[in-house]
Structures are given as C-alpha cells and as structure tokens.
Amino acid sequence: MNIKIARDILIIATIKSIPDLKRQPLLSLILGLVGALPLFFMTIFGAQISHGLIGAMVGSVSFSGLLAPIQDIAGDRYLKIREMLVAMPVHPFSYAIGLSLASLIISSPALLVFVVLALWLGALTPSSLLWSVIILILCWGTLSSLGFIISTYLQKASLSTVNNLATLLGFALTFLPPVYYPEEILGNLSWMALLFPTSNAVGLIRIYSGLLGASVTMISVRWLILLATMTVCGAATLTKARWRET
Amino acid sequence: MFGCKRRLGLIEAVESVNLSKVYRNKETVEALKDVTISIRKGELFTLLGPNGAGKTTFLRIISTQLLPTKGEAYVLGYDVLTQPKEVREHIAVVPQDVATYGNFTPWDYSYYFAMLRGMSKYEAKESAEKALKAVEIWNLRHRACETLSGGEKKRAIIALALASNADIFMLDEPTSGLDAVARRSVWAVLREMVEQGKTILLTTHIMEEAEMVSDRLAIMNNGKVIAEGTPEQIKRLARERFRVVVEGSLSSLGIPEDSSRVTKFGSKWIVYLEDEEEALEIVRAALKKGLKAETAPVTLEDVFVKVVGDKQSEH
C-alpha cells in the first residue's frame, strides 16, 4: 500500500474520531452501553454471561462498522468533508478505511472493557485472543463494506430514512442472529448462524475459546464463509461505490 | 500540439470548452449548455447568476467532483476528465453552504486538511498558522466551531482552503448567509489572496460582491454564459449608462411611466438614460417640483437584470 494512502487513513480516522472523543467523551460510553445492554438482561435472567460478552465484542465492532458509512452520508450533506476530500489528492480507499477506523476508535474503550471482562471471566483465553482479534477485524471489514454498498444507494434518501435504516440494519445483524445468545438454542436451525457474518464470527471465537465444539471441517467452512463474505462485500464496494459523481 | 501548449502553460488557470451537463433523474435537466470560459492565472473570476443558473455545476465539474456530459475542461493544462489526480494537486475547494463541525476547531480544520495535502507535520503547522492569521481567527484557533459566529465559521473554512497552499481556489458562494461586515472581511481576504498571486474562481448571486471583488466575471443564466468581461465592460453592455431615482409622480416631469426605460420600485421610479446631462436635467426638474431625486452610474445589478431579462424575452 502506498505510504500516502496509509498516512491519509490515519489522518482521516483521527479527524473523524479524536475531536469527538476529546469534546464528547460520553459518546464512547453511550456506544458501549448499546453493546452492553443485552448483557444486563442476560445477567438478570441467569444466562451465561460468557456468550454475551463475545456477542458484545462482535456487536460493537459490527455496529460501528456498519453504521459509520451510512450515517456519514447524512452528516456530510451539511459538513461536506467528503465533498472537499474528493477535490483533494486523497484516495477514496483512505477515506473509506479512515472513516470506518474512526468509528472503531470511538467504540474501542467499550470493546476493550468487553475483552478484559471476557478474559477475566474465562470467555476468552489468552491463546484465543489473537484469533479473536483477526476474526473481529474481518467482521468489521465485512460490515463496513456492507455499509458502504448501502450508502451508495442512499445518496438521495432523506436523513430520517438513512438513520432509521442504519439503526434497523444494525439491530437486524447483531440482535436477531445468535450473537448474544448461543447458536445451540436454534437447534436444527443452528446452521443459520453461518449465514450472518456477525453470528459466524461469534461462533468462531467461541470455538477458539473452547466454548463451542466443532470439527476441523466445520471450522474451515466457517472461515471460508467469513472470508468469502468479506471478499464479496469488499469487491461490491469497489465496483459500486462512486467517489466522483456522474 | 494543442495539448503541449496547454501543458506549457501559460496564462489560463482554468479553461472550459463547450462544457455541458445534463442531469437525468425523474426529469431531465440541462444544467450547463456549451459553457466556454477562460480564467487567467492570478485573477479573481466570478460566476454571477441567480440560483439554478449552473454556477455550482460548473464549479463541481472543474474541481473534479462531477463528470460532465459533454465538452472539455482544463485546470492549469490538466484535463479534468482524464487527469483528475493532477488537477486535485493544484486546487482547493470550498463547497456551497458548508457547515462547520461543532466539535472541530479552526486549527483542526486547517492543520489536518494541510496534512492530507501531503505536508509534513511541521509544514502543516506552519501553513495552518499562516492561514488562520490571514483570516484573523488565530486567537480563536482552539475554540470549538460550535461556539464561533457565522462569519468566524466561514473564515475557518476559508482558512482550511488557504492552508492547502493550492494555486487555484474554487469558492462556491463563500459569503452566503453572512452579514455585511463579515462579508466585507471575507472579500478583503480574497483580494489579499489574489495579491499574493493566487487564482480564485468564485460563484455568487450577490451583485455587489461580484462588482467589488472581481477582476473579471461571467453572468450565467439557465446554464449559459450570457456575458463575460470586467465589471466595467459588463456595465457597458447596457446602452443606458446612468440611472435617476425619483420619489413621487414621474408624469409631472413629462416622462411617460410606461416607457421601457422606466422601472417602478414601490413609491420610487428608476429612469435609465444614456446621457449624463439628460440625467442631471431630470434631477434638477424633480428638485424644482419638490420631489426627491438623485442620479448615479448604472450598477452591475441594473445591467444584470437587463441582460438576464433580455435573454429571457428572446426565448
């Protein structure tokens, strides 16, 4: 990767996150609370918190990845930062990754708390941590790409439509599939967990943490699906997203 | 051959040849119709026109944000269609109605955007400082934009463009929504930039602004350029060079109120005349009859209304 592109990714991520974190530190807490809310109910109803913590980790990266590009098109109608960047020597790749990275930075304090709690409560093992980070990055990349594809088709949509759809999708991908609850609950339908990048990621992390048993073939299938989803979404973003208007 | 000449140089900062843009949504809109404009290096060129005239579309094509339907456009000899990367190295753009982000400070804007230009941290700091001092908001540099006034916010955005050290600045209605004092301070900054050898392409619908700051301007209407030249040259497009404003009955001065040279605004009448002596004669006659009257050379606004009106009646 070109050094200028990599440097611009970091600058855009900084622009889109640090001023917010400096002046609105509560923003990070609020985002964290969204991911932690299901844990509260799970604790009340006596469910295993370990499942929920892994769900909260995946949920927070997914939510931020998916929502960032969609909400950006709404905000940018007034701020026009993207419009200014299009007319600057900035690569679209820098903008896309920088923007998604910014949302990850904002949700990182909450993510860190979830990871520490998961390690403390045994939901994650130190040896599974590296795999978990890789899986989280892939999940984040997939959801960010999905967000960019959706935002491409929402350029002319009203602000309320954009915000409602973003929130709806976030909930549909993090709260409906087995992200916060174990996929075993679905019984014969547990294969459905593989269809969603979020629940597939949770399943893989649980396998590496020893919370879910799986054959080598099943692990390979899960990896294949996760990588394929990421590749398809990434390719679709590259072909569908438009930097310069036609 | 032609391409070589363009690359060498020379006096054109921006050039468009038969540039056209058609938006095909629910209905087809011809936003630009064969626009041919030439902007020289080191001048402040204004696109003047009513809302929907095609000014923003032109600026967005020239600044590589939007693709044209037809025609050619060059910035410092680089083709905006095929060499957008090269064009972007040399321009800085301030879009229309741009709002500042409340959590950003003027420093954040100038410093980070300078970094995105490829400057080192040191160069970006130096550029940001110079730009913020030029627009006179250096003492507000660490204040969140949400606490700044409208004029200060606009200057923060102009500083962002200035800090880029670009050769050509494209500003889309940079003073819209500002009060007269703030507007004049922005004009002063723009003129200062031109004095330093920068080229500015400005769009506005404010006649006074176009007259006060432009070296040359083009009047646009319905996607077409209908007049181009210096403010003085444009003013000469109207046959009548003087205006007399009379408050009261015009017929008592022997001037028919339905004449094509007469316009009524409330209780005031404006009479357009070719001859200064004739204008002074009407003023004297009006004063003798106890009416309020004054004369002055025609303004750009007078000519604009006339030129745009004439073109519309031709359709």
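If the reach is capped at under 22 angstrom between alpha carbons, list the lysines near B:Lys33, excluding any in the same chain fewer than eight residues apart. The reachable lysines, counting only those whose Cα sits under 22 Å from B:Lys33, are B:Lys21, B:Lys55, B:Lys70, B:Lys224, B:Lys306, B:Lys311.
In order along the stretch A:86-103, the Karplus-derived 3J(HN,Hα) couplings, from 6.51 cos²θ - 1.76 cosθ + 1.60 at θ = phi - 60°, round to 4, 8, 10, x, 10, 6, x, 4, 4, 5, 4, 5, x, 5, 5, 5, 4, 5 Hz, and Gly and Pro are given as x.
Shielding of peptide B:106-115 by partners, expressed as the average count of other chain Cβ atoms within 10 Å per residue Cβ, is 3. Using the Stokes-Einstein relation with a Kirkwood hydrodynamic radius computed over Cα pairs, the translational diffusion coefficient of the protein assembly as shown at 37 °C and a viscosity of 0.692 mPa s comes to 121 µm²/s. From least to most packed, judged by other beta carbons within 10 angstrom and beginning with the fewest, A:Met192, A:Met57 follow the order A:Met192, A:Met57. With Rh defined as the Kirkwood radius, the inverse of the mean 1/r over Cα pairs, the Rg/Rh of chain B is 1.05. Shielding of peptide A:76-85 by partners, expressed as the average count of other chain Cβ atoms within 10 Å per residue Cβ, is 6. For the stretch A:10-25, 3J(HN,Hα) computed residue by residue from phi via the Karplus equation (6.51, -1.76, 1.60; θ = phi - 60°) reads 5, 5, 5, 4, 5, 4, 7, 10, 4, x, 5, 5, 5, 9, 9, x Hz, glycine and proline entered as x. Applying a DSSP loop filter and a limit of 15 other Cβ atoms within 10 Å to the trypsin sites (Lys or Arg not before Pro) in the stretch B:254-296 leaves B:Arg261, B:Lys289.
Stokes-Einstein at 25 °C, 0.890 mPa s, Kirkwood radius from Cα pairs: D for the stretch B:242-297 in µm² s⁻¹?
Values: Rh = 10.9 Å.
Calculated translational D: 226 µm²/s.
What is the set of long-range amide H partners of B:Leu81 at a cut-off below 5 Å, with H atoms built 1.01 Å from backbone N? It is B:Ala73, by chain and number. In order along the stretch B:195-204, the phi-based Karplus estimate (6.51 cos²θ - 1.76 cosθ + 1.60, θ = phi - 60°) of 3J(HN,Hα) comes to 4, 7, x, 7, 9, 10, 10, 10, 10, 7 Hz; Gly and Pro are listed as x.
Computed over the stretch B:159-315, the convex hull of the alpha-carbon atoms projects to a mean area of 11.5 nm².
Residue ranges B:104-112, B:199-207, A:182-190, B:74-82 sort as B:104-112, B:199-207, B:74-82, A:182-190 when ordered by packing (mean number of other C-beta atoms within 10 Å per residue, highest first). Spin-label model, A:Ala6 to A:Leu27: label points 7 Å out along the Cα-to-beta-carbon direction sit 2.7 nm apart. Amide H contacts of B:Leu44: B:Ile200, B:Asp215, B:Arg216, each under 5 Å away and 5 or more positions distant or on a separate chain (H built 1.01 Å from N in the peptide plane; Pro and chain starts excluded).
Relative to the compact-globule estimate of 2.2 N^0.38 Å, the Cα radius of gyration of the stretch A:1-115 comes out at 1.22. What lysines could a cross-link reach from A:Lys16, if we take a straight Cα to Cα line under 26 Å and drop same-chain neighbours fewer than 8 places away? Once the sequence-local lysines are set aside, what remains near A:Lys16 is A:Lys4, A:Lys80, A:Lys156, A:Lys240, B:Lys85, B:Lys121, B:Lys125, B:Lys130, B:Lys133, B:Lys153, B:Lys154.
Relative to the longest principal axis of the Cα atoms of chain B, helix B:150-162 runs at roughly 50 degrees.
Where both bridge residues fall in the protein assembly as shown, DSSP classifies roughly 65% of the beta bridges as antiparallel.
A short reminder: the numbers here are calculations on the coordinates, not readings from a lab. The model shown is predicted, which means the values in this text are computed figures rather than measured ones. Every residue, glycine as well, gets a Cβ built from its backbone with ideal geometry; the counts of neighbours run over all protein chains shown.
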